[in-house]
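Structure first, commentary second.
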Amino acid sequence: RADKEQSKREAQLQKLRTLKDGEIYVVGRIELIPKLSKEEQNLKTIGSGRLANKAHIFFSDQFVDIREDSFGILKHIAEVPLYEDFIIKRRKGDTLYFSGANIWLESSASYSGHMNRQTTIHTGKLNLPGDMVYKLRPGDKAVYVGTIRYQRNEYNAITKVSYINDYAGANALFRKSIQNPGIQLRVAEPAKKKGVW
């Protein structure tokens, strides 16, 4: 089983290392403070367990509504672990937009009706604001978007959003993962948008 997991990880890395024309690497991290506790995520439906301590992030060539549930929004989503640096690939334009992120807190089912044939799925997400804009340069192949740290209160309202530059650690992961000395990771600081942070 360990060998299978290792070969799966290696296959994912090989796929990640192939950068097509018109694509760019985006490297960063999402943090939620205080950290999520196990009890806060009620993920009981089939396959939803994989969402524990993960975030769906929305970096794209346009702003999107992260509260929307539609097939059209799927191409803008990347699933990444919380509290760890991520590396994703995105279509490159002149500008990279961060619309925010969401964390699944609930995915459960209840049953009713004759012989419990009616199923109701209950879902709940914690939406994290974005509205950040990163200007790209023509030669960019990889940009570091920083650690985006969300502070929350006891009601899960986001009280503060911070940008933290931890380039050294992120660049070390990027170099090790991508193994292409010809691609440099550039720091791209976000411009404020709509006064979110």
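Odds and ends about this structure:
- 12 Å beta-carbon shell around Arg90, net charge (K/R +1, D/E -1): +3
- At full extension, Val187 and Arg137 could sit 16.9 nm farther apart than now, given 0.36 nm per residue minus the alpha carbon distance.
- Cross-link reach is defined here as a Cα-Cα straight distance under 19 Å, omitting same-chain residues fewer than 8 places apart; for Lys160 the aspartates and glutamates meeting it are Glu31, Asp131, Glu189.
- The residues packed around Gly28, meaning those with a beta-carbon under 12 Å from its beta-carbon, carry a net charge of -2 if Lys and Arg are +1 and Asp and Glu are -1.
- Environment charge at Gly139 (Cβ cut-off 12 Å; Lys +1, Arg +1, Asp -1, Glu -1): +3
- The stretch between Asp3 and Lys176, if pulled fully straight at 0.36 nm per residue, gains 60.2 nm over its current Cα-Cα span.
- Inter-label distance for Glu68 and Glu40, nm, one decimal - labels placed 7 Å from Cα along Cα-to-Cβ: 2.8 nm
- Efficiency of FRET between Glu84 and Arg17 - r from beta-carbon atoms, R0 22 angstrom, step 0.05: 0.70
Read-outs: derived from the displayed coordinates by stated rules, not from any lab. A quick note: this is a predicted structure, and the numbers were derived from the prediction, not measured. All Cβ positions, even for glycine, are placed from backbone atoms using ideal geometry, and neighbour counts span all protein chains on display.
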